2 protein chains.
Amino acid sequence: MSGHLPVQSPAVFSNRRAALADALGDRPAVIFGGGERSRNYPANVYPYRGDSHFLYLVGAPMPDAVLVVDGGRSELFVVPPDADDALWHGASASLSTVRTATGVDAVRPLSELSEVAERLEDAGTLPSADPLTRAKQCALLGRTWDPTRAPTVADLDEDDLAVADAMIGLRLSHDEAALEMIRGAVAATTAAHRAGMEITRPGLLEHDVRAAMERELLARGCEPAYGSIVTVHGEVLHNNVYQHRLGPSDLLLADLGGEHHGWASDVTRTWPVAGRYSATQRALYDIVLQAEKEACAMVKPGVRYRDVHLHASVVLARGLVDEGILRGDPEGLVERGAHALLFPHGVGHLLGLDVHDMEDLGDRAGYAQGRTRSAQFGLGYLRLDRDLEPGMVVTIEPGIYIVPAILENERIAGPFLADGTLNKEALARFADVRGIRIEDDVLCTDGEPEVLTAAIPKEAADVEAAVGAAS
Amino acid sequence: MSGHLPVQSPAVFSNRRAALADALGDRPAVIFGGGERSRNYPANVYPYRGDSHFLYLVGAPMPDAVLVVDGGRSELFVVPPDADDALWHGASASLSTVRTATGVDAVRPLSELSEVAERLEDAGTLPSADPLTRAKQCALLGRTWDPTRAPTVADLDEDDLAVADAMIGLRLSHDEAALEMIRGAVAATTAAHRAGMEITRPGLLEHDVRAAMERELLARGCEPAYGSIVTVHGEVLHNNVYQHRLGPSDLLLADLGGEHHGWASDVTRTWPVAGRYSATQRALYDIVLQAEKEACAMVKPGVRYRDVHLHASVVLARGLVDEGILRGDPEGLVERGAHALLFPHGVGHLLGLDVHDMEDLGDRAGYAQGRTRSAQFGLGYLRLDRDLEPGMVVTIEPGIYIVPAILENERIAGPFLADGTLNKEALARFADVRGIRIEDDVLCTDGEPEVLTAAIPKEAADVEAAVGAAS
């Protein structure tokens, strides 16, 4: 058993498992811990990360372990420690230590899993992120997921869907233990963004800033929760290269969050490399900031998240109209999707154990029953359309991007150019902007929303003061 | 096509493919690039790393691409750029750009791979590190590898084994282009170890040192080639936790290497946290250093690598006898495997695209035909038993470890305690050692061996001078 033990009280996990059992009634759930993923050969693996549903219910990553929740009883099947483990990995936790730390009713060697297989006829499971584990799930439970791709909810049978819905019900609103973990991730992320601002100066590589930021995560026992984006080309939305040199008139966009015992943070800031926004950068920065703050303030129980997205879009559209980049009334522009020419993505998503929480379950997690994705460019990328509830943590992350591939796309931009909605000449003045995004993690409470990431400089003057403070 | 382009001349890869075709005659080879590995949900992936055989022949990672080498002709099937790529990832290379950069005869959309399937009846392939890719290999070529585990050479058919042997023949001795890449990895690794020594001081966490070291890799465009080991518990051989605080009398063992465009480095140094080895630490450090230097000097054409291991073992045994820890004559102790009580692993391995190069092919790569693993504890862990050739790069990494699980193991240590070979009382004096390893990357040439990692401090006085130099 080369996994870890939970760092929180076993009662946390016993309570979650009891809630799952309540939701499922007589149906057993079989939750797999996932395995190590080979990087280039079997023994050279990526840092092991337990599957999120397993982490939620057990509290710690345990390679190849399997949790069976059956009515009131929870059994955990683990790879027992062997002699070689002690030689190469140091002492392992005994099965009884694992039982005490996780609060399950029994911990048994994985080899005994087959003994309970006959009880699992009506069991539901959720596909592991690990393909080898998925093959084992298929073997144990008689599933036939396509081995050449990751399953989606469309591949789940009725038993599996019952487990999926029960897990969604549990994980949408975070308990106190979950929030404690997310706050730990936020603390590391805060240190990382401050360090990134401090080290930034013209002439460094993007790599240097990324390295300085990730150092703060690693030094706090965290890992990056997703591939960090640290780039002077913020208009490339999924940018995972770090080779550009920072120019004195560049903006640096950093979308980077730490993962703390599996729990994520997700934060973006955009700062001027030389410590001062140009007039054009500042104009669009202030628009994004206004949209972001108004959207954060809307995170309250009962508010439909799509309305947060649409409101942020209207604020952005209004600002773009004021700058002469768009023409029309802001609400009308958003109805027609014109704002998406410069803000093509959704305003945010659920945050939890996954940075896009429960995205393995697709829109079944992110969208309330009966709601579906829009076909409109921009709105169609919105990952969350639920009414907010206390305990939900969402990201709020509007942005403005000058993406040539969008602005030159006849299907997307053509109609707005033809009718004069988009003024490319006016936009050309903002060439030193490229991409701006501001993103916070926000907790919905019974009262005012809590911006968990509020300690990271966001007001333009605060950001300017933080940049280059190390030199 | 969200992959990269080769950074070296296309002639490098054309020559390697021609050599593969020569070795295979009429038999086609189908080499898969591998895919992105999901971390917790499909869109949140580990940093993509192309499969090593593909990198060797194509020069750059390209997710889901497939190379077909068929006689003199090479065709590369890639996922073509689509409109969304441009929106989210920026501009992609066109198929013709990929063709020019890789030197293949044709680059075709992946969808056309099925058109050539009938030509592939006798084709050989090598299992991808990526399970989803392996499922695609099975589908295309009619293989039936067990989906619940990574295949080994025992799962390869005759066609596959022909490709395996041809790739081993090519990759055992590095061409100039490969050495250029390994030297790039070494440069980053050198900076990392110097930075690690400089930042070290009592009171930091292992995390802090690891982060400072990996920062140097990232800032040079490298990634860790394997899970870094940075620990005050060097006696835990595979230690991937970093939570201990550095005490003033601790040794810090750092086994960390950069990967540069896929090519690895692999270096270990062991330095005193407070900048000065204690007398007991220094005594064992000097023994390991002597063994390491003598082993490095043996890396010459025609020398059997197992003899390098055995010689290093004798030097270690002699030092341990001098310190009163072992009793007997050094050669006799090594014959009986007594040295393995304190040096339980092999003296090193092949280094190349993989840190344990071609370990996906098991001992078929590491052991010359007709040679097999020893059953003796210690020697049985030796990963390489070939006669050295010019162009081979190997690691040399002897060590001394005080591992309670070995020393208290009745089967392993019992006989040596019973006959007085191991003196535990004498060993107890060295409790502040725990684990020492010194590891360099060494190129076998026609003349003297070249220690590629010679710029990293290794002599005790040089190491002491480097530790804490930042403060």
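Got a sec? Which of A:A162, A:A154 is in contact with a Gly (Cβ under 7 Å, 6 or more places away or on another chain) and among the small types (G, A, S)?
Numbers: A:A154 fails: in contact with a Gly (Cβ under 7 Å, 6 or more places away or on another chain).
Going through A:A162, A:A154 in turn, just one is in contact with a Gly (Cβ under 7 Å, 6 or more places away or on another chain) and among the small types (G, A, S): A:A162.
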Please work out which one of (1) under 20 Å from B:H311 (Cα atoms); (2) within 14 Å of another protein chain (Cβ to nearest Cβ); (3) in a loop (DSSP other than H, G, I, E, B) is the condition B:V355 fails and give its number. (1)
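Checking the conditions here, which among B:A295, B:A317, B:A274 is within 23 Å of B:I456 (Cβ to Cβ) and part of a helix (DSSP H, G or I)? Give the steps one after another, and end with the answer.
Numbers: B:A317 fails: within 23 Å of B:I456 (Cβ to Cβ); B:A274 fails: part of a helix (DSSP H, G or I).
None of the other options fit; the residue is B:A295.
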Could you please let me know if B:D208 is at the interface with another protein chain (Cβ under 9 Å from one of its Cβ atoms), among the charged types (D, E, K, R) and buried (at least 20 other Cβ atoms within 10 Å of the Cβ)? yes
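Quick one: would you say A:E450 is touching a Cys at 6+ places or on another chain (Cβ under 9 Å) and under 29 Å from A:L156 (Cα atoms)?
Working: touching a Cys at 6+ places or on another chain (Cβ under 9 Å): yes; under 29 Å from A:L156 (Cα atoms): no.
No, not satisfied.
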Does A:S114 qualify as being in the same structural domain as A:D157 (by TED's automatic domain parsing), in a helix (DSSP H, G or I) and either modelled with pLDDT of 90 or more or buried (at least 21 other Cβ atoms within 10 Å of the Cβ) (or both)? yes
Name the residue, out of B:G348, B:G328, B:G391, that is in a loop (DSSP other than H, G, I, E, B), on the phi > 0 side of the Ramachandran plot and over 18 Å from the mean Cα position of the chain (by Cα). B:G328
Among the residues of the range A:84-100, which ones are assigned to a helix (DSSP H, G or I) and within 20 Å of A:E112 (Cβ to Cβ)? A:D85, A:L95, A:S96, A:T97, A:V98, A:R99, A:T100
Could you pull out the residue among B:G169, B:G184, B:G196, B:G203 that is on the phi > 0 side of the Ramachandran plot and either more than 10 Å from chain A (Cβ to nearest Cβ) or in a loop (DSSP other than H, G, I, E, B) (or both)? B:G203
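Restricting attention to the range A:22-44, and to residues there that are within 16 Å of B:T148 (Cβ to Cβ) and part of a loop (DSSP other than H, G, I, E, B), which single residue is farthest from the chain's Cα centre (by Cα)?
Of the range A:22-44, the ones within 16 Å of B:T148 (Cβ to Cβ) are A:30, A:32-38, A:42.
Checking which are part of a loop (DSSP other than H, G, I, E, B) leaves us with A:33-37, A:42.
Working: A:G33: 19, A:G34: 19, A:G35: 21, A:E36: 21, A:R37: 20, A:P42: 28 Å.
Restricting to residues being within 16 Å of B:T148 (Cβ to Cβ) and part of a loop (DSSP other than H, G, I, E, B), the top hit is A:P42.
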Here the residues within the range B:121-168 that are more than 22 Å from A:R143 (Cα to Cα) and of a type in the set (V, I, T) are B:T125, B:T152, B:V153, B:V163, B:I168
Is one or more of the residues making up the range B:362-369 buried (at least 20 other Cβ atoms within 10 Å of the Cβ) and either assigned by TED's automatic domain parsing to the domain that holds B:V433 or on the phi > 0 side of the Ramachandran plot (or both)? yes
In the range A:84-130, how many are among the small types (G, A, S), away from chain B (no Cβ under 14 Å) and in contact (Cβ under 8 Å) with a residue 40 or more places away in the chain? 4
Those residues of the range B:358-384 which are more than 14 Å from chain A (Cβ to nearest Cβ), outside any loop (DSSP other than H, G, I, E, B) and more than 26 Å from B:M181 (Cβ to Cβ) amount to B:L379
Please indicate, with yes or no, whether at least one residue in the range A:144-159 is in a helix (DSSP H, G or I), more than 10 Å from every other protein chain (Cβ to nearest Cβ), crowded, with 19+ Cβ neighbours inside 10 Å and in contact (Cβ under 8 Å) with a residue 24 or more places away in the chain. yes
If you take the residues in the range B:50-75 that are in contact with a Pro (Cβ under 9 Å, 6 or more places away or on another chain) and not in a strand (DSSP E or B), which one is farthest from B:A264 (Cα to Cα)? B:G71
Scope the range B:1-26; condition farther than 30 Å from B:A86 by Cβ and either modelled with pLDDT under 95 or aliphatic (A, V, I, L, M) (or both); matching residues: B:A11, B:A18, B:A19, B:L20, B:A21, B:A23, B:L24, B:G25, B:D26
Output the residues belonging to the range B:426-471 that are touching a Gly at 6+ places or on another chain (Cβ under 6 Å) and more than 27 Å from B:P202 (Cβ to Cβ). B:A426
Surrounded by fewer than 23 Cβ atoms within 10 Å (Cβ to Cβ) and more than 11 Å from chain A (Cβ to nearest Cβ): is that true of B:E223 in this structure? no
For the range B:31-66, give me each residue that is among the basic types (K, R) and closer than 18 Å to B:P6 by Cβ. B:R49
Do you know which of the residues in the range B:234-262 that are at the interface with chain A (Cβ under 10 Å from one of its Cβ atoms) and modelled with pLDDT of 95 or more is surrounded by the fewest Cβ atoms within 10 Å (Cβ to Cβ)? B:G262
Answer with yes or no whether A:V68 is in contact (Cβ under 8 Å) with a residue 40 or more places away in the chain, β-branched (V, I, T) and either in contact with a Cys (Cβ under 9 Å, 6 or more places away or on another chain) or away from chain B (no Cβ under 12 Å) (or both). yes
Conditions (1) assigned to a helix (DSSP H, G or I); (2) within 13 Å of chain B (Cβ to nearest Cβ); number of the one not met by A:H339: (2)
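Among the listed residues B:L95, B:L76, which satisfies the condition of being of a type in the set (A, V, I, L, M, F, W, C), within 20 Å of B:A60 (Cβ to Cβ) and over 31 Å from the mean Cα position of the chain (by Cα)? Write out each step before concluding.
Details: B:L76 fails: over 31 Å from the mean Cα position of the chain (by Cα).
Matching residue, one of B:L95, B:L76: B:L95.
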Would you mind telling me which numbered condition in (1) outside any loop (DSSP other than H, G, I, E, B); (2) in contact with a Ser or Thr (Cβ under 7 Å, 6 or more places away or on another chain); (3) buried (at least 18 other Cβ atoms within 10 Å of the Cβ) B:A139 fails? (3)
For B:P47, indicate whether it is part of a loop (DSSP other than H, G, I, E, B), surrounded by fewer than 24 Cβ atoms within 10 Å (Cβ to Cβ) and within 8 Å of chain A (Cβ to nearest Cβ). yes
Hey, B:E216 within 23 Å of A:E216 (Cα to Cα) and crowded, with 21+ Cβ neighbours inside 10 Å or not: yes
Unmet criterion (only one of (1) in a loop (DSSP other than H, G, I, E, B); (2) buried (at least 24 other Cβ atoms within 10 Å of the Cβ)) for A:H4: (2)
Among the listed residues A:L353, A:L382, A:L361, which satisfies the condition of being farther than 30 Å from A:V321 by Cα, of a type in the set (A, V, I, L, M) and in contact with a Gly (Cβ under 8 Å, 6 or more places away or on another chain)? A:L353
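The values are calculated or read from the model by the stated rules, or taken from the named source; none is laboratory data. A quick note: this is a predicted structure, and the numbers were derived from the prediction, not measured. Cβ sites come from the backbone with ideal geometry, for glycine too, and all protein chains shown count toward neighbours.
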